[in-house]
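**Student:** Sharing a structure with you now.
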Amino acid sequence: MDIVSIILLAVGLGMDCFAVSLAKGLATRQTPQWGWACLMALFFGLFQGGMPFVGYFAGISFTAFFTRWSHWIALLLLSVIGGKMLLEGWQNRIHQEKHKEQNKTFSVGLLLLLAVATSIDALATGLLFIPLPEILWLAVGIIALFSFVMSLIGYLLGCKFGKRVKVNADIIGGLILIAIGLKIFIEHYL
């Protein structure tokens, strides 16, 4: 595996981070909160970069377990979080309430759950490095960096367009999360 392949892998893994961050940015509909944006990007970068590392070591011993259940775990986590966003969006739409204050759309617990859920597929990529342990650290660093940057870009774009979008962004965000979970689940069987 060469550096170009690692970068392409990093971009592919970072797309989930981008989509989730975009959804969070759309849901805020306000000026970006840099502290939360950086924390979200940090969590996404650490988990996306760290999961291949964990997958590498776990893959040596537990390949069958992770191959069998990782897609179900990702589907469940993303569907629960996405379903919660859909429900909140629908309730806001029915009651014609304005969105909650921006600082209520973020919590450390939610960001950790999103980071874990979006990085489940990165866990399986650790198996790619079993025959190539000499490039594991390089790959982990590149994946973490790309996920961090793509998360920030997604969030900022979401904030920018969230101010202009008149639809309920919680519903869009929830659908995006559920779609990512389904994508991971379906890709497992293809």
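The values are calculated or read from the model by the stated rules, or taken from the named source; none is laboratory data. Since this is a predicted model, take the numbers as computed values, not measurements. Note that we place each Cβ from the backbone using ideal geometry, even for glycine, and neighbour counts take in every protein chain shown. In case anyone asks, the SASA skips ligands and DNA or RNA and just uses the protein heavy atoms, side chains included. Shrake-Rupley method; radii C 1.70, N 1.55, O 1.52, S 1.80 Å.
**Student:** At a Förster radius of 35 Å, what calculated FRET efficiency corresponds to the Cβ-Cβ distance of residue 107 and residue 4, to the nearest 0.05? All intermediate terms of the calculation are to be shown ahead of the outcome.
**Tutor:** On the way: r = 38 Å, r/R0 = 1.08.
Here the calculated transfer efficiency is 0.40.
**Student:** Take residue 134 and residue 182, extend 7 Å from each Cα along the Cα→Cβ direction, and tell me the distance between the two endpoints in nm.
**Tutor:** Result: 4.4 nm between the two label points.
**Student:** Considering only protein heavy atoms, with the full assembly of protein chains and a 1.4 angstrom probe, order 160, 183 by accessible area, largest first. Working shown, then result.
**Tutor:** Details: 160 105, 183 70 Å².
These residues rank, largest area first, as 160, 183.
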